[in-house]
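Asks: Got a structure for you, written out below as structure tokens; questions coming shortly.
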């Protein structure tokens, strides 16, 4: 049985002070960003620095009126940062106009950092093509909510050995023998035994995207391209459109036609060339792939219903009127 590589949608962690990332955060209060695009500030009431994604978590921090002090932590492309002479910082974002910060290498979007954004490198051993970084700042308290935690035995007046822990909604198990699908309404890809441990990565209507922990033979695996997300469905983009904006995907699509954008496609530049396609296969919904002038030559060889593999950056998780994803083409390959 083959499984698509699951996107590790781990929450971003924030903390205060110069302590290392493995410092104990359990004793600190935890909060979750509730406003998509919430601002990360240099000082309380000061300069706006970056936008954060909804769902990121913060740990600890001093409260000052309507403000909460936090430290942003995540991973960024090594080629998108460079050294800086600014005291107290190691790196600055060099990509124009901004670069994504992720919760893990090729992980979920945490925030968008503009060019010049200063960072401190975490010396814990970088992953290939990625750098682990932090930055201290502030968020508004109205953009966060407290994350419920199990009360201590002393506060609750109960015996910790007998008090049941609150269930974690992100960790579930299959209730029965369950069919695993590559995408909602897509083709089956395998079967899960009863009580298989699963981790919830996202939800869309009657469907839940899960990650399964298991073992396969190393010879049956191949590495995904660095910085490219694989196994992400169009249903996930429609369910959480802002989460994937700016991320690079690799999708297999069914080509339908080459078209020109007009005022009825406000999510695509007027007059731009785009591919009308279905997918990612086996999903049957429509996808719009904007083609830059420099990449139009291969379009002449495409025939309707041809299967193509595209690497593209997400422009919009869903269009304003029809709810279809919009991608910016980076590369295209016709498949047999």
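The values are calculated or read from the model by the stated rules, or taken from the named source; none is laboratory data. Computed from a predicted model, the values in this text were never measured in an experiment. So basically every Cβ, Gly included, is an ideal-geometry build from the backbone, and we count neighbours across all protein chains shown.
For every residue, the table says whether it meets (1) within 24 Å of residue 54 (Cα to Cα); (2) modelled with pLDDT of 80 or more; (3) part of a loop (DSSP other than H, G, I, E, B).
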residue	(1), (2), (3)
162	no, no, yes
169	yes, no, yes
185	no, no, yes
191	no, yes, no
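Asks: Quick one: is residue 301 closer than 17 Å to residue 107 by Cα, over 15 Å from the mean Cα position of the chain (by Cα) and surrounded by fewer than 20 Cβ atoms within 10 Å (Cβ to Cβ)?
Replies: Here the answer is no, as residue 301 does not meet what is asked.
Asks: Here is a follow-up. For the stretch 45-56, what are the residues that are within 18 Å of residue 32 (Cα to Cα) and in a loop (DSSP other than H, G, I, E, B)?
Replies: 53, 54, 55, 56
Asks: Looking at 114, 21 in this structure, which one is over 19 Å from the mean Cα position of the chain (by Cα) and either modelled with pLDDT under 90 or under 18 Å from residue 245 (Cα atoms) (or both)?
Replies: Just one listed residue meets the conditions, 21.
Asks: Before we move on, is residue 204 at pLDDT below 70 and under 26 Å from residue 37 (Cα atoms)? Even if it seems obvious, please write down each step before you answer.
Replies: Details: at pLDDT below 70: yes; under 26 Å from residue 37 (Cα atoms): yes.
Against the criterion (at pLDDT below 70 and under 26 Å from residue 37 (Cα atoms)), residue 204 qualifies.
Asks: If you scan the stretch 61-73, which residues turn out to be surrounded by 13 or more Cβ atoms within 10 Å (Cβ to Cβ) and on the phi > 0 side of the Ramachandran plot?
Replies: 61 - this is the single residue of the stretch 61-73 that is surrounded by 13 or more Cβ atoms within 10 Å (Cβ to Cβ) and on the phi > 0 side of the Ramachandran plot.
Asks: Filter the stretch 217-245 for residues that are modelled with pLDDT of 75 or more, in a loop (DSSP other than H, G, I, E, B) and at negative phi; which is surrounded by the fewest Cβ atoms within 10 Å (Cβ to Cβ)?
Replies: Among them, the one singled out is 217.
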